[in-house]
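The values are calculated or read from the model by the stated rules, or taken from the named source; none is laboratory data. Note that this is a predicted model, so its numbers are computed, not measured. Ideal geometry is used to build each Cβ from the backbone, glycine not excepted, and the neighbour counts take in all protein chains shown.
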Amino acid sequence: MAFVRRHNDLGHMCVVARRGDPIAGQVFIEVDHLDGTRSLYTPAPMVSRGEGAGLVFQRRFDHAEPEKIRERIAREVEFDPDLWVLSLDSRDGDLGIDLVRDSQ
């Protein structure tokens, strides 16, 4: 919820688009770039995180068609119904999250 509040305070529209399990649910971040494209960030695999690192994300899609992002989220929800999805409208590339290298 801190992510949502921070971005709304910055003037970006950010909402919880899908609520998952408050303890076990992973978090996906969908970014609408307001130019007809979207990006998707998912938790990075443990092996790609540094030792002692907290939550680290990877960019799964960068400026892709919105339908492609929706399809990926729908497939993941079928596999993991505990999934959370945060939806952010932002032209700014800095999300304020820790990222590993691109995995496209």
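Scoring Gly25 on the criteria (1) part of a helix (DSSP H, G or I); (2) over 11 Å from the mean Cα position of the chain (by Cα); (3) surrounded by 13 or more Cβ atoms within 10 Å (Cβ to Cβ) leaves a single failure, condition (1). Does Asp98 satisfy the condition of being out of contact with any helix residue (DSSP H, G or I) (no Cβ under 8 Å at 6 or more places or on another chain), closer than 21 Å to Phe3 by Cβ, at pLDDT below 95 and not basic (Lys, Arg)? The answer is yes for Asp98. If the condition is being more than 12 Å from the chain's Cα centre (by Cα) and of a type outside the set (Gly, Ala, Ser), then region 73-85 contributes Arg75, Glu76, Val77, Glu78, Phe79, Asp80, Pro81, Asp82. For region 28-47, taking the residues that are surrounded by fewer than 13 Cβ atoms within 10 Å (Cβ to Cβ) and free of Cβ contacts under 8 Å to residues at least 40 places away in the same chain, the one that is nearest to the chain's Cα centre (by Cα) is identified as Pro45.
Give the residues of region 58-82 that are of a type in the set (Phe, Trp, Tyr) and in a helix (DSSP H, G or I), sorted by residue number. Result: Phe79, single match.
List pairs: first residue in region 10-25 and of a type in the set (Lys, Arg), second residue assigned to a strand (DSSP E or B) and buried (at least 16 other Cβ atoms within 10 Å of the Cβ) anywhere in the structure, Cβ distance under 7 angstrom, at least six positions apart or on different chains. Sorted first by the residue in region 10-25, then by its partner, the pairs are Arg18/Trp84; Arg18/Val85; Arg19/Trp84. When only residues in region 23-59 that are of a type in the set (D, E, K, R) and touching an Asp or Glu at 6+ places or on another chain (Cβ under 9 Å) count, which is modelled with the lowest pLDDT? Per the criteria, the residue is Arg49.
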